[in-house]
1. Got a sec? Which of L251, L272, L259 is outside any helix (DSSP H, G or I), crowded, with 19+ Cβ neighbours inside 10 Å and of a type in the set (A, V, I, L, M, F, W, C)?
2. Here's a check for you: in the stretch 307-327, which residue that is outside any helix (DSSP H, G or I), open to solvent by less than 50 Å² (accessible area, probe 1.4 Å) and among the small types (G, A, S) is farthest from E205 (Cα to Cα)?
3. Here is a list of conditions, (1) more than 28 Å from the chain's Cα centre (by Cα); (2) closer than 20 Å to H209 by Cα; (3) not basic (K, R), and L259 meets all of them except one; can you say which number that is?
4. Restricting to the stretch 127-152, give me the number of residues that are under 28 Å from G212 (Cα atoms) and outside any loop (DSSP other than H, G, I, E, B).
5. Name the single residue, out of those in the stretch 215-248 being more than 15 Å from F330 (Cβ to Cβ) and among the small types (G, A, S), that is least open to solvent (accessible area, probe 1.4 Å).
6. Restricting to the stretch 156-171, and then to whatever is of a type in the set (S, T, N, Q) and open to solvent by less than 30 Å² (accessible area, probe 1.4 Å), can you tell me which residue is farthest from T111 (Cα to Cα)?
7. For the stretch 94-106, which residues satisfy the criterion of being farther than 15 Å from G120 by Cβ and crowded, with 20+ Cβ neighbours inside 10 Å?
8. With the requirement that a residue be in contact with a Phe, Trp or Tyr (Cβ under 8 Å, 6 or more places away or on another chain) and open to solvent by less than 10 Å² (accessible area, probe 1.4 Å), what does the stretch 116-140 give you?
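The values are calculated or read from the model by the stated rules, or taken from the named source; none is laboratory data. Treat the numbers as computed from the prediction; the structure is a model and nothing was measured. Virtual Cβ from ideal backbone geometry, glycine too; neighbours counted across all protein chains shown. The accessibility values were calculated without ligands, DNA or RNA, using every heavy atom of the protein model including side chains. Shrake-Rupley method; radii C 1.70, N 1.55, O 1.52, S 1.80 Å.
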Amino acid sequence: MAAAAAASRTAGLLLSPRLLIASRHLQASASEGSARDASTSFIHPAAVVHPDAAIGQGVSIGPFCTVGASARIGDSCRLHTGSHVTGHTELGEGCVVHTGAILGADLPGRTIIGENNVIGNYAVVGVKCQDLKYKPGDECFLRIGNNNEIREYCSIHRSSKSCDCTVIGDNNLIMGSCHVAHDCKIGSNNIFANNTLFGGHVIVEDCTHTAGAVVVHQFCHIGSFSFLGGGSVVAQDVPRYTMVAGDRAELRGLNLEGLRRNGFSDQEVRSLRKAYRKVFMPASSSQSNFEDRLAELEREIELLESPSVSYMVESIRTSFDQGRRGICKFRSWNIS
């Protein structure tokens with residue numbers, strides 16, 4: 001059976017690079033199978049578990065853990081020494097909470113964490129936001145999907161208003177000391193390297209990648225398959241498929257390596273490069289302004305037949321909608 005499982009994982013990796021993160025979590029789950037197979041839960045005598053807490057089957061709660069009255073711990077979860085689950089917090093099946101992590105807070109609202117998530121040492125997830133507009137007593141919410149790895153010392157805050165919610169999707173790797181502020185919307189299959197900091201209301205789509213020590217200004221949008229270079233300070237939107245770097249971050253071309261790793265065809269990449277050059281790299285700096293070049297691209301029916309080009313154009317256009325911040329600056333290289 002072990003050989004069959006290994007073969008299955010290998011086949012999955014060959015089928016699509018996008019499954020790498022999910023596969024990593026499945027491997028971790030398999031290695032912890034003995035704890036999950038238990039039909040009864042283990043609670044260490046030194047743990048403090050409120051009698052009203054809902055504890056699933058096969059749960060392991062280590063010494064010096066605390067579990068609050070409104071907490072719900074799903075089947076096969078493991079709470080390591082000195083971890084804490086408080087407030088209205090739901091922990092899905094198969095989650096692992098490492099030493100010192102704090103999940104939830106005694107606040108109105110709710111923190112919902114899906115299945116097979118790993119919460120690292122001393123991470124703080126689902127606590128009150130750092131927005132001065134938050135009014136004590138207001139409900140605030142956080143929802144996290146499945147198969148995420150949230151590493152040590154990360155902080156993820158609840159929403160600042162009862163009508164909003166901080167959201168994190170599935171299969172994300174959030175490395176050590178990252179921060180996700182109130183009301184952020186994070187998609188799936190993202191990789192955030194250490195010390196990536198997202199201000200409030202930031203939207204990150206799917207399959208993005210940040211290098212270390214990246215700072216993203218509040219209300220910015222980060223498009224799918226984009227890459228943010230190390231040490232970047234991102235103060236405006238990053239269009240889909242692009243790469244930015246610097247303080248303040250500027251467009252540096254397409255994220256060609258990311259596109260290759262995520263299975264984009266040569267034809268798709270050629271179409272994206274042609275579209276990018278038309279808008280951001282005109283043959284002459286006096287040829288036309290940015291708006292004219294973008295409008296000209298929108299009239300290129302043949303290029304727009306590529307869904308990727310259409311998505312990139314849409315990403316650029318919507319960045320200039322009312323209330324948005326526009327896109328990161330770019331240099332109009334003369335390629336004549």
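1. Testing whether each residue is outside any helix (DSSP H, G or I), crowded, with 19+ Cβ neighbours inside 10 Å and of a type in the set (A, V, I, L, M, F, W, C) leaves just L251.
2. Of the stretch 307-327, the ones outside any helix (DSSP H, G or I) are 319-327.
From what's left, open to solvent by less than 50 Å² (accessible area, probe 1.4 Å): 319, 326-327.
Next, from what is left, pick out any that are among the small types (G, A, S): 319, 326.
Details: S319: 14, G326: 17 Å.
My answer is G326.
3. In the conditions (1) more than 28 Å from the chain's Cα centre (by Cα); (2) closer than 20 Å to H209 by Cα; (3) not basic (K, R), L259 misses (1) alone.
4. Adding up the residues that qualify gives 7.
5. So, considering only residues that are more than 15 Å from F330 (Cβ to Cβ) and among the small types (G, A, S), the one least open to solvent (accessible area, probe 1.4 Å) is S224.
6. Filtering first and then ranking leaves N171.
7. G94, G104, A105
8. Listed by number, the residues that qualify are G120, A123, C140.
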